[in-house]
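Undergrad: Just passing along the structure, written as structure tokens.
The values are calculated or read from the model by the stated rules, or taken from the named source; none is laboratory data. Because the structure is a prediction, the values reported are computed rather than measured. Cβ placement follows ideal geometry from the backbone for every residue including glycine, while neighbour counts extend to all protein chains displayed. The area values use the complete protein model at the heavy-atom level, side chains included, leaving out ligands, DNA and RNA. Shrake-Rupley method; radii C 1.70, N 1.55, O 1.52, S 1.80 Å.
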Amino acid sequence: MTDTGETSRPSALRRVRRILWAVVGVALVGLGATLAVKRADTPTTPQAATATRPAIGGPFALTDPDGRTVTDETLKGKPFAIFFGFTRCPDVCPTTLNDLSMLHKQLGPEAERLNIVFVSVDPEQDGREDIKQYLTLFDAPIIGLTGTDEQLRQIAKVYRVFFEKVSQGDDDYTIDHTATVFLMDANGQFVSTIDMHESREVALEKLRRLVSRTA
């Protein structure tokens with residue numbers, strides 16, 4: 001007779017080892033990304049900033065709720081915080097936009113020097129009027145944008161953003177998407193990020209540093 005428990009043990013151990021190495025690999029990638037963001041957030045010299053800042057941001061063209069074309073060039077002149085989501089998002093999107101609105105208010109007079117940008121990645125459901133009405137729910141001026149599938153793929157590419165439609169049956173769907181807020185300077189260059197798990201104090205300090213940067 002064959003002892004299946006004994007013969008399967010090496011295979012099980014190999015699977016465990018593969019899982020552990022995968023976990024370690026993910027952790028190392030995450031650590032590298034965190035360190036890159038920290039270096040980009042507090043560069044010691046302009047040369048160091050160029051060398052360590054991740055390549056996030058770039059050319060795009062979208063449409064605001066009034067039908068005007070907004071591009072990466074349009075947004076230059078003021079630092080901005082940009083977030084990707086959709087109006088039917090049940091929790092992450094409204095929570096993030098509400099937090100940004102409160103942080104915007106906490107900036108006081110400096111808030112005039114910061115734009116908040118919301119990009120809907122759900123053109124099928126989020127028309128211009130839908131976005132306009134949605135943004136009235138938040139106590140801060142927010143620039144709402146959307147576009148065609150091709151335009152959204154372009155901005156997702158340059159910002160390294162993930163989004164994917166997920167079926168929920170009966171022709172309904174939700175959207176999985178990146179939940180990071182990207183902080184860009186007045187020249188449209190990436191500076192740092194805000195993560196929804198950070199404390200409000202940390203996020204506010206990042207925004208203060210952002211608006212203090214010269215164009």
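Undergrad: Could you check how many residues of segment 153-187 are surrounded by fewer than 19 Cβ atoms within 10 Å (Cβ to Cβ) and touching an Asp or Glu at 6+ places or on another chain (Cβ under 6 Å)?
TA: Number of matching residues: 3.
Undergrad: Hey, can you tell me all the residues within segment 189-205 that are crowded, with 20+ Cβ neighbours inside 10 Å and either outside any strand (DSSP E or B) or without any contact (Cβ under 8 Å) to a residue 24 or more places away in the chain (or both)?
TA: Across segment 189-205, the qualifying residue is only A203.
Residue-wise test of (1) open to solvent by less than 10 Å² (accessible area, probe 1.4 Å); (2) touching a residue at least 24 places away in the same chain (Cβ under 8 Å); (3) among the β-branched types (V, I, T); (4) at positive phi.
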{"site": "P94", "(1), (2), (3), (4)": "no, yes, no, no"}
{"site": "L97", "(1), (2), (3), (4)": "yes, yes, no, no"}
{"site": "K105", "(1), (2), (3), (4)": "no, yes, no, no"}
{"site": "G108", "(1), (2), (3), (4)": "no, no, no, yes"}
{"site": "R113", "(1), (2), (3), (4)": "no, yes, no, no"}
{"site": "V117", "(1), (2), (3), (4)": "yes, yes, yes, no"}
{"site": "S120", "(1), (2), (3), (4)": "yes, yes, no, no"}
{"site": "R128", "(1), (2), (3), (4)": "no, yes, no, no"}
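Undergrad: Exactly one condition in (1) in a helix (DSSP H, G or I); (2) open to solvent by 50 Å² or more (accessible area, probe 1.4 Å) is not met by D66; state its number.
TA: Failed condition: (1).
Undergrad: Across segment 139-188, what is the number of residues that are in a helix (DSSP H, G or I) and among the hydroxyl-bearing types (S, T, Y)? Give the derivation first.
TA: Step one: filter segment 139-188 for residues in a helix (DSSP H, G or I), giving 149-159.
Then keep just the ones that are among the hydroxyl-bearing types (S, T, Y); that gives 159.
The number of residues fulfilling the criteria is 1.
Undergrad: Ok, one more. Consider R209 carefully, then state whether it is without any contact (Cβ under 8 Å) to a residue 12 or more places away in the chain and assigned to a helix (DSSP H, G or I). Lay out the reasoning, then the answer.
TA: Numbers: without any contact (Cβ under 8 Å) to a residue 12 or more places away in the chain: no; assigned to a helix (DSSP H, G or I): yes.
For R209, the condition - without any contact (Cβ under 8 Å) to a residue 12 or more places away in the chain and assigned to a helix (DSSP H, G or I) - is not met.
Undergrad: Quick check on my filter: what residues within segment 130-152 are in contact with an Asp or Glu (Cβ under 7 Å, 6 or more places away or on another chain), buried (at least 22 other Cβ atoms within 10 Å of the Cβ) and not polar (S, T, N, Q)? Explain how you work it out, then say what you get.
TA: Start the filter on segment 130-152 by keeping residues that are in contact with an Asp or Glu (Cβ under 7 Å, 6 or more places away or on another chain), which leaves 143-146.
Of the ones still in play, those that are also buried (at least 22 other Cβ atoms within 10 Å of the Cβ) are 144-146.
Selection gives G144, L145.
Undergrad: Hey, another quick one. For segment 158-179, how many residues are under 13 Å from the mean Cα position of the chain (by Cα) and in contact (Cβ under 8 Å) with a residue 60 or more places away in the chain? Don't jump to the end; show me each part of the working.
TA: The first filter runs over segment 158-179 and keeps only residues under 13 Å from the mean Cα position of the chain (by Cα), leaving 158-163, 176-179.
Filter once more, keeping what is in contact (Cβ under 8 Å) with a residue 60 or more places away in the chain: 158-161, 163, 177-179.
The number of residues fulfilling the criteria is 8.
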